[in-house]
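Reading through the structure tokens given below for one structure.
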Amino acid sequence: MHATREAAQESDPPAARKGWLFSIAPAYLGLFVWLAFFDEVWSFSAGAVQPRLTDGILDVVLAAFVGAGLLFLGLAFWGSKTGLSEQALAARTFGARGARVLTGIGLGLAHLSIYALAIGFAVETTLLGFVACGLIAHQQLGAVALGPLLVRSPVFLTTAAFWVFITATAESMGLAGVIAALMRVYAPTALVVITAVGGWIALQGKPNFEVETAAVTNSANGSFARMLYGLLAVAAMTAPRWGARAKSRRDLNLGAFFGIALPAIWVAMVALFAVLPSARQEFSIPPGLPPAGLSFRFVILHQLNPLVASVTLLALGLAAVAPAYFACHEYTERIAADGSPRVRKLAIWGGAGAAFLMVVPRPWLSLGDVAGLLGELVAPLIGAMLAASLGWWADSDEPPRTTNAAGVTAWLAGSLAGLALDGFARIFPGLAAGAFPPAFYGFTTAFVVLRMMWRPSRLGKANASGHN
């Protein structure tokens with residue numbers, strides 16, 4: 001049975017379609033509820049010029065609306081029109097084999113990395129909650145030398161192993177629906193809590209922790225907007241499913257605005273305003289904290305009452321296990337999509353083991369950097385798929401069964417463009433102008449390349465060769 005027919009069987013019937021409030025909003029709102037805690041908003045640099053608050057906000061606003069409009073809505077409209085999954089739509093762009101490699105195995109590995117990042121974030125935040133109330137010391141979170149390597153502390157690894165086991169067990173038991181139902185309650189509540197905590201910190205003004213020598217500047221490469229665009233690119237690959245479940249295009253537009261762009265902007269502004277009073281000061285990093293940057297969690301830990309900080313961090317750390325579970329679920333669905341139950345279990349526990357190994361060493365890239373790199377690889381996939389969706393071949397009954405060279409070439413061109421711009425911005429930060437992150441230019445490059453390469457006459461030959 002061909003990919004399009006298989007996907008059609010997986011799509012929701014018209015009676016099952018729901019409004020944006022009960023379909024799109026909970027899924028994407030949950031992503032941005034923990035977004036502010038998943039990034040180092042500021043970085044340390046001696047003698048640097050102080051940043052302007054408007055720069056950060058404008059970057060996030062542009063990234064949120066462009067990301068929601070281009071990355072989410074384009075694929076969602078295509079899914080709403082056809083009722084097919086992203087795997088079936090990708091087959092019309094990259095061919096059946098190319099789609100299996102890029103949107104199956106490739107995206108599965110992307111979700112595996114997010115799985116590891118979310119587990120590390122959840123464990124770190126939970127343990128910081130214990131630090132806030134004095135149950136453990138900061139030194140117990142520091143790295144431990146293991147030969148030439150620096151690895152996480154024993155208490156960190158023990159907690160990480162427990163959460164990896166819990167998430168893998170939940171996936172093997174098929175609890176995705178239960179977790180989704182819990183997120184519908186948690187996401188709005190957490191958004192209110194984040195707003196209250198961030199507002200309280202911002203109103204306090206001068207930070208409580210010790211002021212000394214290091215200046216604070218905006219992160220290189222626009223890390224907040226770059227990370228937002230990267231995470232949204234990975235999440236937007238599920239947009240065809242939401243398009244197939246939404247009642248109308250109006251629901252998709254409302255979901256993109258109220259469920260994606262607006263929560264992203266709101267949470268980003270809360271985080272930026274919360275760290276701004278601290279960013280205007282000169283201070284040193286307290287002993288025991290890694291010199292990575294001034295994050296929202298850093299400010300919560302040192303600015304709030306110890307009991308309030310402890311409860312807030314523990315709640316946020318436990319809540320971050322939900323995104324870790326969804327990343328585990330997406331990884332399993334893509335890696336073992338057509339496998340037997342035995343293959344599926346092997347994929348679940350193999351992925352869990354890989355995720356644990358990924359959090360063992362002390363990270364040498366920030367969370368925002370990893371999310372940004374994922375965006376530079378995934379956004380071109382979306383650009384190529386949107387270019388394909390605009391042609392007459394988008395509604396053809398059968399995609400090419402082999403790899404479509406035009407689609408894969410467009411993705412490669414977009415990925416190389418995004419990665420090259422990222423590297424250029426790191427080497428020459430003063431020349432890295434522009435409000436959009438590198439992933440946006442990778443998306444645009446893939447779109448343009450495919451529209452130039454994949455003409456109807458060429459596609460007809462590709463389809464003909466694929467069916468013979």
Filtered residue count, segment 118-163, keeping only those that are surrounded by fewer than 16 Cβ atoms within 10 Å (Cβ to Cβ), closer than 24 Å to Pro323 by Cα and among the aliphatic types (A, V, I, L, M): 1
Qualifying residues in segment 231-245 (those that are more than 12 Å from the chain's Cα centre (by Cα) and among the aliphatic types (A, V, I, L, M)) - the one surrounded by the most Cβ atoms within 10 Å (Cβ to Cβ): Ala239
Any hit, segment 389-396, residues being modelled with pLDDT of 75 or more and over 20 Å from the mean Cα position of the chain (by Cα): yes
Residue match in segment 253-273 (condition: surrounded by 21 or more Cβ atoms within 10 Å (Cβ to Cβ), in contact with a Ser or Thr (Cβ under 9 Å, 6 or more places away or on another chain), of a type in the set (A, V, I, L, M) and at pLDDT below 80): yes
When residues of segment 196-205 are limited to those that are among the hydrophobic types (A, V, I, L, M, F, W, C) and in contact (Cβ under 8 Å) with a residue 60 or more places away in the chain, the one nearest to Thr312 (Cα to Cα): Val197
Residue in segment 337-356 that is part of a helix (DSSP H, G or I), within 17 Å of the chain's Cα centre (by Cα) and either among the small types (Gly, Ala, Ser) or at pLDDT 90 or above (or both) present: yes
Hits in segment 80-114 (condition: under 26 Å from Phe32 (Cα atoms) and either of a type in the set (Lys, Arg) or in contact with a Phe, Trp or Tyr (Cβ under 7 Å, 6 or more places away or on another chain) (or both)): Leu102, Gly108, His111, Leu112
Residue that is farthest from Trp34 (Cα to Cα), among those in segment 323-346 that are among the hydrophobic types (A, V, I, L, M, F, W, C) and buried (at least 22 other Cβ atoms within 10 Å of the Cβ): Ile335
Scope segment 149-195; condition basic (Lys, Arg) and under 19 Å from Gly317 (Cβ atoms); matching residues: Arg152
Residues satisfying the stated conditions in segment 144-179, i.e. touching a residue at least 24 places away in the same chain (Cβ under 8 Å) and in contact with a Pro (Cβ under 8 Å, 6 or more places away or on another chain): Leu149, Leu150, Val151, Arg152
Single residue of Leu70, Leu29 found to be assigned to a helix (DSSP H, G or I), crowded, with 22+ Cβ neighbours inside 10 Å and either of a type in the set (Asp, Glu) or modelled with pLDDT of 85 or more (or both): Leu70
Total residues in segment 81-100, condition outside any loop (DSSP other than H, G, I, E, B), buried (at least 22 other Cβ atoms within 10 Å of the Cβ) and hydroxyl-bearing (Ser, Thr, Tyr): 1
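The values are calculated or read from the model by the stated rules, or taken from the named source; none is laboratory data. Bear in mind that the values here come from a model prediction, so they are computed numbers and not experimental data. Reconstructed Cβ throughout: ideal geometry from the backbone, glycine too, with neighbour counts over all protein chains shown.
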